[in-house]
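Reviewing the structure listed below.
All of the numbers you see were taken from the coordinates with simple rules; none came from a lab. The structure presented is a predicted model; accordingly, all values stated were derived computationally and were not measured. Here the Cβ positions follow ideal geometry from the backbone for every residue, glycine too, while neighbour counts run over all protein chains shown.
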Ligand code: IPM
Ligand code: MN
């Protein structure tokens with residue numbers, strides 16, 4: 001699926017290269033759903049857009065948003081309805097320091113920062129419950145309700161614990177039950193209860209304020225971090241910065257039951273400040289493609305992409321400006337695609 005970002009073509013180029021070298025045929029359908037489309041048609045996606053997507057195995061999305069279209073229109077017209085309609089309740093965001101990248105946090109070599117943020121992606125603070133009263137008067141007010149359900153908390157927490165079992169067996173919960181007196185104590189209760197079902201998994205929890213400090217000072221403490229929608233959103237940009245750049249961070253919006261397509265997109269936004277300059281870092285988009293292949297059962301091809309992007313990052317000459325280099329988006333995409341093809345040759 002296309003979007004406002006020039007990084008999507010690079011992601012596709014790399015997916016095609018991985019497909020060629022691993023004998024996978026990708027049947028790609030492009031949907032030109034973007035802010036430009038909105039300006040022409042008044043809709044981010046057609047009225048039956050979700051039905052058009054429903055039958056696909058996966059959705060590959062670029063960052064959404066452009067000046068001239070209000071963010072709440074572009075995002076609530078495309079990204080958020082897809083996450084919800086397709087029950088993509090897990091937003092999985094790996095935070096890994098890659099070889100070749102220096103963390104702004106001193107003293108952490110690659111390998112020592114390697115954790116996953118498991119962000120609740122369907123409810124929480126991102127609810128539509130609320131409203132405004134007395135618009136345009138001195139009494140104007142806005143109310144927004146946070147919605148936490150047992151079903152919603154339990155399924156995201158279960159995913160986090162299951163994931164921890166495949167990793168280092170440790171789950172950290174992001175809370176704020178000292179200040180938010182209804183929803184967050186409820187979140188803690190559900191977390192404690194879920195932990196009893198996973199006695200082999202170590203748990204801890206931190207309030208979001210100090211947790212943010214620990215992300216910077218002790219990023220090696222974490223394995224799986226489970227968080228509500230808003231906390232997970234904020235932690236993901238912080239985590240990305242700690243491992244070098246928001247231009248590197250991938251994400252997967254997963255419907256683990258696979259009743260609906262899952263969606264793969266970078267953590268970052270559409271970066272309108274550099275749009276059209278051809279200098280956006282395509283690595284988050286490319287890495288998200290690797291997550292998509294893994295989800296589709298093509299883990300060898302996914303690994304090939306991850307290896308290739310690490311190999312390219314180890315060369316300081318092919319870096320975009322966010323990583324201190326001078327390379328263009330296209331050059332980075334080309335280098336990664338070439339690396340895959342070269343490695344694949346017998
Ligand atoms: C993200 C983004 C979105 C979110 C925005 C664009 C609505 O920041 O995927 O992290 O908050 O979920
Ligand atoms: Mn975000």
Just one of 98, 78 is farther than 19 Å from residue 214 by Cβ, within 11 Å of ligand 1 (Cβ to nearest atom) and more than 13 Å from the chain's Cα centre (by Cα); which is it?
78
Given (1) surrounded by fewer than 24 Cβ atoms within 10 Å (Cβ to Cβ); (2) part of a loop (DSSP other than H, G, I, E, B); (3) within 16 Å of ligand 2 (Cβ to nearest atom), identify the lone condition not met by residue 316.
(3)
Which residues, counting only those in the range 102-125, are surrounded by fewer than 20 Cβ atoms within 10 Å (Cβ to Cβ), on the phi < 0 side of the Ramachandran plot and out of contact with any strand residue (DSSP E or B) (no Cβ under 7 Å at 6 or more places or on another chain)?
102, 103, 104, 105, 106, 108, 109, 110, 112, 125
Which ones in the range 56-72 are part of a loop (DSSP other than H, G, I, E, B) and in contact with a strand residue (DSSP E or B) (Cβ under 9 Å, 6 or more places away or on another chain)?
57, 61, 62, 63, 64
Does residue 291 satisfy being within 15 Å of ligand 1 (Cβ to nearest atom) and either over 26 Å from residue 214 (Cβ atoms) or without any contact (Cβ under 8 Å) to a residue 24 or more places away in the chain (or both)?
no
So which residues in the range 237-262 are over 20 Å from residue 158 (Cα atoms), touching a strand residue (DSSP E or B) at 6+ places or on another chain (Cβ under 8 Å) and within 12 Å of ligand 1 (Cβ to nearest atom)?
239, 240, 249, 250
